[in-house]
Amino acid sequence: MEPMKPVFTAIVLGWKGRDLAKAWPWRVRFYLFLSRMVLNAYALKRHARPFSLLSPVAREGLLVYLSRHPSPYVRRLVRWWKQLALVSAC
Amino acid sequence: MLATDGSKDVHESADFVIVGSGAAGATCARWLSAAGRSVLVIEEGGPARAARGEGYEASTRLYRNGTSAMTWGRDAMHILQGRCVGGSTVVAGAVMEMMPHDVWQEWVQTDPRWEQRLPWDDLMRAHERMDAELAVEKTPRELWGEGGAGLLRGLMGQATPTWRAAPGCQGSGRCFQGCPHGGKSSVDVTLLPRAEKEGARVIPWCRVERVEIADGVAVAVHGRFSAGGKLVARAKVAIILAASAPGTVALLHRSGVKNVGQGFQVHPAVAVAGLFPRPMSAGPEATHAMESFAFRDQGLKLESVRLPTSSLAQRVPGVGRQLDQRMQQLPFIGSWNVLLRAEARGRVRRGLLGSWIQYAPTDEDRRKLLKGIAILSEAMLLDEALEVWPGVHGAPETITRPKQAQDIAAMAPQAGAVPLWSAHLFCGVPVDDQFQACGIGKLVVADSSLFPSNLGVAPAATIMAVATLISDRWGAA
């Protein structure tokens, strides 16, 4: 299963994407892996469980929070996930 | 193209070995092969095929790092570069505008040798030659679309149709995915096939790993095919680097050349989107139909942009249900860009995972970008937009009144407040009067890494004009 699926389905409702892991270069996959760790850290901090175990509403709420985060680094992650979710949606 | 599957080692030689098949590399290949020289063009990506699956195919096949390349820093910006035969010309909007004369004068004032290296009259003649070669023309009225006509109205007439190398444009707005109709004069369908007719050979899927330099003279390039084979290409006359500003610097880093990568500049862009009461994507519209240089004294260029669905949706704020609601209105959403001739200088550095770009706009640059966003937001409201999404952190997500737009211009500049991207990259490699890099003999630079500064306009036309002059001189050598 595409490891970014929980994130992408929370950003683009009904996202049915392709297997990004095969198509994206290794460097992009590596950064995606690191970005998932950041997301899970925030999920643990705010909801005491990893992102994939959150309810859809909690997932969306967390992403909205991160998209308005004071740190530009965190906001940029959400923009990047959104970009990948939209271009890979089908 | 060279008939090899790339699984075996290949040894080649030619008068000129060109690294990169984009605007600069293809232009050099075109004129050098026409002058009777043997030419080998090496390209890291594969043949460009127009993507059919919206953004996904284009992102993975045509762009470097699947459109995910970024600069490093709080103002991190997306770097969009083509990685295919034809380079960024395959995924660019086909805008062909020559560098302004005052920018050339700035170069000459900074270093008088530029007057001899690139005489203005020669540059203009080369520019006219390339315009004829690529059938450049002004965007016709029927391809202005709602976005282009709207920008003209919103800026109260202070905009003009762009000059584009797209004689067969059908206004599908899919330039960034590789034109599906073949209507754009990208170099993979114009200059490179003409060069191949004259005997040039193009080698795709081969990443050049280093340039072999012996006794201060470049003699060969060493590359590796994506299928695993190695390539050694020896140059009898010269090696021409045309791999884009960061790509050429990264190759020089890998080749052991020092003191390159400083002074790197970009031409950052920001998007403003808005919801209109009329359909914005009903008729045909060129990707960049209209542009405005009315605020050029402040370094700003404004342009209309027609985007495919997935790219346009990225400019709509929100995630989840909010994004879903706004996506229902996608046909009524329009988007314009503001580009800045930024003064900031960064650096291409060498790191453990390869070269990376360190870059941050100055506070003055950030202030000008906010001003540009405010101007576009006001123009959208003047063109009857129901709401505008400026995308500035700290400003309202949605604005509906001109006063709110003016407030954006008055905001304090803040790092990372606006999402930036850039496809125009400049500077980083010092050259001599023969365009040889860092005093290394027969190692010629022909791309925008040799430019002393940001042009403030789309650079393809200037890159091609400069590459034409370089080819003329080296072809006759």
Original post:
Applying 1/(1 + (r/R0)^6) with R0 = 22 Å to the Cβ-Cβ distance of B:Thr400 and B:Leu330, what FRET efficiency is obtained, to the nearest 0.05?
Top reply: 0.65
Subject >> Unsatisfied cross-links (Cα-Cα over 23 Å) in the set A:Lys16/A:Lys82; B:Lys197/B:Lys442; B:Lys184/B:Lys236; B:Lys258/B:Lys442; B:Lys8/B:Lys197; B:Lys301/B:Lys371 >> reply: B:Lys197/B:Lys442; B:Lys184/B:Lys236; B:Lys8/B:Lys197
Subject >> CD proxy at 222 nm, helix term only [per DSSP H run n ≥ 4: -39500 (n - 2.57); per residue of the protein assembly as shown; nearest 500] >> reply: -10500 deg cm²/dmol
**OP:** Starting with the fewest neighbours, write out B:Ser281, B:Ser292 ranked by other beta-carbon atoms found within 10 Å of each beta-carbon.
**Re:** B:Ser281, B:Ser292
Original post:
How do A:Tyr65, A:Tyr42, B:Tyr56 rank when sorted from fewest to most other Cβ atoms within 10 Å of their own Cβ?
Top reply: A:Tyr65, A:Tyr42, B:Tyr56
**OP:** Find how many whole Å separate the alpha carbon centroid of region B:56-84 from the alpha carbon centroid of region B:1-47.
**Re:** 24 Å
Subject >> Peptide A:4-12 - average C-beta neighbours from other chains (10 Å radius) >> reply: 2
**OP:** Report ³J(HN,Hα) in whole Hz for each residue of region B:164-178, in order, from the Karplus equation J = 6.51 cos²θ - 1.76 cosθ + 1.60 where θ = phi - 60°; Gly and Pro get x.
**Re:** 9, 9, 8, x, x, 4, 9, x, 7, x, 10, 4, 6, 10, x
Original post:
Taking a ≥ b ≥ c as the square roots of the eigenvalues of the Cα gyration tensor of region A:5-88, is the shape rounded (a/c under 1.5), prolate (a/b larger than b/c) or oblate?
Top reply: prolate
Original post:
Beyond 33 Å, what percent of the Cα pairs of chain B remain?
Top reply: 34 percent
**OP:** Compute the longest continuous run of chain B that contains no exposed trypsin sites (Lys or Arg not before Pro); treat a site as exposed when its DSSP state is not H, G, I, E or B and it has at most 16 other Cβ atoms within 10 Å.
**Re:** B:259-477
Subject >> Test item: Cα-centred dipole of the protein assembly as shown, Lys/Arg +1 and Asp/Glu -1 on Cβ, debye >> reply: 2140 debye
Subject >> Gain upon complete extension [B:Gln158, B:Arg321; 0.36 nm per residue less C-alpha separation] >> reply: 54.9 nm
Original post:
Quick one: Karplus J couplings for region B:416-428, per residue in order, coefficients 6.51, -1.76, 1.60, θ = phi - 60°, nearest Hz, x for Gly and Pro?
Top reply: x, 6, 10, x, 9, 8, 8, 10, 10, 10, 9, 6, x
Original post:
With point charges of +1 on the Cβ of Lys and Arg and -1 on the Cβ of Asp and Glu, referenced to the Cα centre of region A:5-88, which listed residue (A:Trp80, A:Trp26, A:Ala41) lies farthest in the positive direction of the dipole?
Top reply: A:Trp26
Original post:
Between B:Glu137 and A:Leu44, what FRET efficiency follows from the Cβ-Cβ distance if R0 is 56 Å, with the result rounded to 0.05?
Top reply: 0.45
Subject >> Cβ-Cβ FRET estimate between B:Glu384 and B:Thr110, R0 fixed at 41 Å, reported to 0.05 >> reply: 0.35
**OP:** Assign unit charges at the C-beta atoms only (+1 for Lys and Arg, -1 for Asp and Glu), then state the dipole size of chain B relative to its Cα centre in Debye, rounded to the nearest 20.
**Re:** 960 debye
Original post:
So how far, in whole Å, is the C-alpha centre of region B:427-477 from the one of region B:364-419?
Top reply: 37 Å
Original post:
How big is the gap, in Å, between the Cα center of region B:94-169 and the Cα center of region B:297-330?
Top reply: 26 Å
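Might you report the magnitude of the Cβ-based charge dipole of region A:5-88 about its Cα centre, with Lys and Arg at +1 and Asp and Glu at -1, to the nearest 20 debye?
120 debye
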**OP:** Neighbouring Cβ atoms within 10 Å as the yardstick, rank B:Asp9, B:Asp131 fewest first.
**Re:** B:Asp9, B:Asp131
Original post:
Relative contact order of chain B: what whole-number percent is it, with Cα pairs under 8 angstrom and at least 6 residues apart?
Top reply: 24 percent
Original post:
Taking every residue in B:314-321, how many Cβ atoms of other protein chains lie within 10 Å of its Cβ, on average?
Top reply: 6
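Throughout, read-outs are computed from the coordinates displayed, never taken from laboratory work. Quick caveat, the model's predicted, so the values are computed rather than measured. Don't worry about glycine lacking a Cβ; one is built from the backbone with ideal geometry, like all the others, and counts go over all protein chains shown.
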